[in-house]
Amino acid sequence: MARDQVRRNVVELTEVPTGQPGRRSKSLTPEQVDDVLIKTAPDRLHPYLVVSLLTGARTEELRALRWEHVHLDGRPNAVQSAPPHLEVWRSVREGGDTKTRKSRRTLALPVRAVQALRKQRAQQTADRLAAGNRWQETGLVFTTGLGTQLDAANVRRDFRRALKLVPGLNPAEWTPRELRHSFVSVLSDSGVPVEEISQLVGHSGTSVTELVYRDQLRPVIQTGATVMDRLFSLRDQRA
């Protein structure tokens, strides 16, 4: 059409099927997050769940996380000191890169996540000894019992097994990606600005965060009313 070689684009004559609506993602409440953090402790996936819930990293990023990118002691003696942190620089995508350039980020680790990762290192040492010459060294943080990389099916299966330890949660109704949704929801409910949440989850801008997590983010319109009520409440009115 641009070169005047055809009068009409035949694609305009087609009808695209609407397809089936997908299941809407949901998030855990703060109380449910606390239950998951505590009650899944006996399960070997517990460190993965803790890091996912407390950092908001994508499952594809955690599956590719390497020990060389985990700094449990931080850099206390460096010229520019840093707390314990992990570098989200890789994913299981083709080529090993993250979803977008902005997805490459360095995240401080909460104390609970540091403890979980120390537990994971100890578990991996035990797995290595048990596997003997069957162990495959990959340098990955989260692996199978033989040291190989977890795939999406591994994570889904282990995730549902772990959730069986949490009363009130039906494992069939939840997916690993909803740990990330829960991270966003908890931060938003705690008053963290969407700009900071966007940086933490590795989005290119707030518009992506607002679109993907529209059900988890507290509407901004409520914020204005809350602040105005606090500043100019009815008790300040004079007759």
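The values are calculated or read from the model by the stated rules, or taken from the named source; none is laboratory data. The structure displayed is predicted, hence computed values, not measured ones. Note that each Cβ is placed from the backbone with ideal geometry, even for glycine, and that neighbours are counted across all protein chains shown. Keep in mind that these areas ignore ligands, DNA and RNA; they rest on the heavy atoms of the full protein, side chains included. Shrake-Rupley method; radii C 1.70, N 1.55, O 1.52, S 1.80 Å.
Counting only protein chains, not ligands or nucleic acids, how are D34, D127, D73, D4 ordered by accessible area (probe 1.4 Å), most first? Spell out each step's value before the answer.
Numbers: D34 70, D127 20, D73 110, D4 140 Å².
Solvent-accessible surface, decreasing: D4, D73, D34, D127.
Residue separation times 0.36 nm, minus the C-alpha to C-alpha distance between V10 and A130: what's the value?
37.0 nm
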- Message: Just to be sure I follow: if Rg is taken over the C-alpha atoms of the range 109-199 and Rh is the Kirkwood radius over the same atoms, what is Rg/Rh?
- Response: 1.05
- Message: Given a Förster distance of 25 Å, report the FRET efficiency between V192 and A41 from their Cβ-Cβ distance, rounded to the nearest 0.05.
- Response: 0.40
- Contour excess over end-to-end distance, with Cα ends at L72 and V111 and 0.36 nm allotted per residue: 13.1 nm
